[in-house]
Amino acid sequence: MTAAPLRARPLGDSAVTIVLGAERSAELLRRVHSAARALEAAKIPHVEDIVPAYLALTVFYDPRHASYEEISASLLAACDRATRLSAAPRSREHRIPVRYDGMDLEAVASATGLSVKDVIARHSARAYTVDLLGFVPGFAYLSELDPSLHLPRRAQPRPRIAAGSVAIAAAQTAVYPLDTPGGWHIIGSTQTVMFDPTRDAPALLAPGDRVRFERVP
Amino acid sequence: MITIMRAPPYITVQNGGRKHSRSFGVPRGGAMDTFAIRAVNAIVGNSLDAAALEWALGGGSVRFDRDCLFAIGGATARATLSGKVVAPCTTTRALAGEEFTVEQISSGRFLYLACDGGIDVPVLLGSRSTYLPGHFGGYEGRMLRSGDSIALGARPTTLPAEGFHSAADLMPRYDSAIVHITSGTRDDLFDESAWRTLTESDYRISTASDRTGYKLEGPALGNSLGMLPSEAGCPGAIQIPGDGLPIALMADAPTVGGYPKIAVVSEADLPILAQRRPGGSIRFQLITIEQSQRALRRRASDLHTISQLAVRSSPDWKGAR
């Protein structure tokens, strides 16, 4: 499959979004992640941050020292090299112990027509991929949730979800890294610290990482 | 040290924010008015990125526990030091034990108080800023309360003169009705009529506005585009949710989001928007990326000028080497 040509578009005067494709797919996501890693490694001057997403990645730069034309030309060239090389993305595997004691577990079971035991078995059966980070620091959107567990978000978000809550919504699952409001269905909890601003790597998970949930009593 | 005697409804420690942690989902955060906080730092002889107090929503008072050269700026406030009026953007000398009081914020939204040496709280992810939604940064990741005592950094070796004042023409025009924006974010999604609506109407800041975003009231933009696959946003990005009413993302907005973004507020004008109160109105005017970057470079050079003038006002200044 030949990749669509890369495009750059400005996000204001201090960031540029490099678009790698038009349709969400696991393959496109892998290309976005490897391009993001290649740009990090390239250490392009005046680049401050790189934020990969589903179809594109966004690069924040210091506009006092680089114009939009200069920076987008260097980024497009570097992304183009990276996506043609298509090096295997560096991805780590994580095992996150989960106690399936969430307040919505029963409701999820009845809404999906499964037993509680089946909900737990299906959620802990597969490995998930980190699509992207966002919403709050360290919040990783994990894709490929078992289709029998897909439920829309709760109509009324809760004002406070405890850090470590394991949740599902639509085709994704996640662990709430901080005490925040949230509209996902809570099915369990983990002691694993997903985000700690004092750590060298503050977020446990990075885009492209693989995650398995392990049931603990 | 500086002690909060009577905390205003909102007060936090802020600086320029976090510029290298967005990939972990950490927003830039930092001061809402990135110009004013740098200006008051420059005026007291601090580095531009030193931490200062961001103060909003009402009066309160703090006590200086050591001699201190301080300055206030951003919002306009009726403020006093031991009963004497404190002028904005001007250095004032406080003696240990003196109390600084804000009676009322009369116009604008965020007031900044910089002390020589800056506020000394731990640096987390490259910044001393408080990120309230994440409960980290600044002072214990929270707003300051009455009775809190916070450390100040070492005093700069060259202190600007008492009464040093920064010229008004080096400051943003906070009373400007015009806020400049740039396009190009999603030109494919918005037609000419959406652009006409956005740039030819007055928009009012809604009461639903905080450090995360300012909801704007005015004509809705026709296109209802729903949600797109999430991608990065930034402070100043103008997103259009289902009801067609724009939301300008502000300092604490999440790093990624799915609402289509029509434009981005020029970084140089973001302080003007940030200082608008609910009920205040603005009009957007389109400029090019190059013009927007030029305006930002001019602001940076104005801040450099303030720093230079402040240092040269010092009785200890020995001239250029």
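Remarks
- Selection status of A:Gly113, more than 13 Å from every other protein chain (Cβ to nearest Cβ), free of Cβ contacts under 8 Å to residues at least 24 places away in the same chain and on the phi > 0 side of the Ramachandran plot: yes
- Any hit, region B:85-101, residues being among the basic types (Lys, Arg) and within 18 Å of B:Gln14 (Cβ to Cβ): no
- Applying a threshold of 8 Å to beta carbon distances and a minimum spacing of six or more residues, or different chains, the list of pairs starting in region A:85-96 at a residue that is closer than 18 Å to A:Ser124 by Cα and ending at one that is exposed (fewer than 12 other Cβ atoms within 10 Å of the Cβ) and modelled with pLDDT of 95 or more reads A:Arg95/A:Glu214; A:Ile96/A:Glu214.
- Residues satisfying the stated conditions in region B:206-217, i.e. in contact with a helix residue (DSSP H, G or I) (Cβ under 8 Å, 6 or more places away or on another chain) and either of a type in the set (Ser, Thr, Tyr) or part of a strand (DSSP E or B) (or both): B:Thr212, B:Tyr214
- Matching residues in region A:100-123 - criterion: being surrounded by fewer than 16 Cβ atoms within 10 Å (Cβ to Cβ) and assigned to a loop (DSSP other than H, G, I, E, B): A:Asp101, A:Met103, A:Gly113, A:Ser115
- Residues of region B:187-214 that turn out to be open to solvent by 40 Å² or more (accessible area, probe 1.4 Å), closer than 20 Å to B:Gln275 by Cα and among the charged types (D, E, K, R), as a count: 3
- Of the strands (runs of 3 or more DSSP E) lying entirely inside region A:141-217, the ones with 1 or more residues being open to solvent by 50 Å² or more (accessible area, probe 1.4 Å) are found at A:158-161, A:180-182, A:210-215.
- Restricted to region B:157-183, and to residues there that are within 14 Å of chain A (Cβ to nearest Cβ) and touching a helix residue (DSSP H, G or I) at 6+ places or on another chain (Cβ under 7 Å), the residue that is nearest to B:Phe70 (Cα to Cα) is B:Val179.
- Screening region B:218-238 for residues that are closer than 22 Å to B:Gln275 by Cα, without any contact (Cβ under 8 Å) to a residue 60 or more places away in the chain and within 9 Å of chain A (Cβ to nearest Cβ) and picking the one that is surrounded by the fewest Cβ atoms within 10 Å (Cβ to Cβ) gives B:Ala237.
- Residue within region B:265-275 that is aliphatic (A, V, I, L, M) and away from chain A (no Cβ under 14 Å) present: yes
- Test set (1) at pLDDT below 95; (2) within 12 Å of another protein chain (Cβ to nearest Cβ); (3) over 29 Å from B:Leu216 (Cα atoms) - B:Ser127 fails condition number: (1)
- Residues being in contact with a Pro (Cβ under 9 Å, 6 or more places away or on another chain), within 14 Å of another protein chain (Cβ to nearest Cβ) and on the phi < 0 side of the Ramachandran plot - total across region A:158-181: 10
- Top-ranked residue in region A:200-217 [being over 17 Å from the mean Cα position of the chain (by Cα) and modelled with pLDDT of 95 or more; ranked as nearest to the other protein chains (Cβ to nearest Cβ)]: A:Glu214
- Residue tally, condition part of a loop (DSSP other than H, G, I, E, B) and within 27 Å of B:Arg297 (Cα to Cα), over region B:126-160: 8
- Flag for B:Pro241 being away from chain A (no Cβ under 14 Å), open to solvent by less than 60 Å² (accessible area, probe 1.4 Å) and under 30 Å from B:Ala87 (Cβ atoms): no
- Any hit, region B:184-191, residues being touching a residue at least 60 places away in the same chain (Cβ under 8 Å), on the phi < 0 side of the Ramachandran plot and more than 14 Å from chain A (Cβ to nearest Cβ): no
- Residue check, B:Gly257 within 11 Å of chain A (Cβ to nearest Cβ) and open to solvent by 10 Å² or more (accessible area, probe 1.4 Å): yes
- Output for region B:267-305, where each listed residue is of a type in the set (S, T, N, Q) and open to solvent by 10 Å² or more (accessible area, probe 1.4 Å): B:Gln275, B:Ser281, B:Gln285, B:Thr288, B:Gln291, B:Ser301, B:Thr305
The values are calculated or read from the model by the stated rules, or taken from the named source; none is laboratory data. These numbers were taken from a predicted model, which means no experiment stands behind them. Every residue, glycine as well, gets a Cβ built from its backbone with ideal geometry; the counts of neighbours run over all protein chains shown. Just the protein is used for accessible areas: all its heavy atoms, side chains included, with ligands, DNA and RNA removed. Shrake-Rupley method; radii C 1.70, N 1.55, O 1.52, S 1.80 Å.
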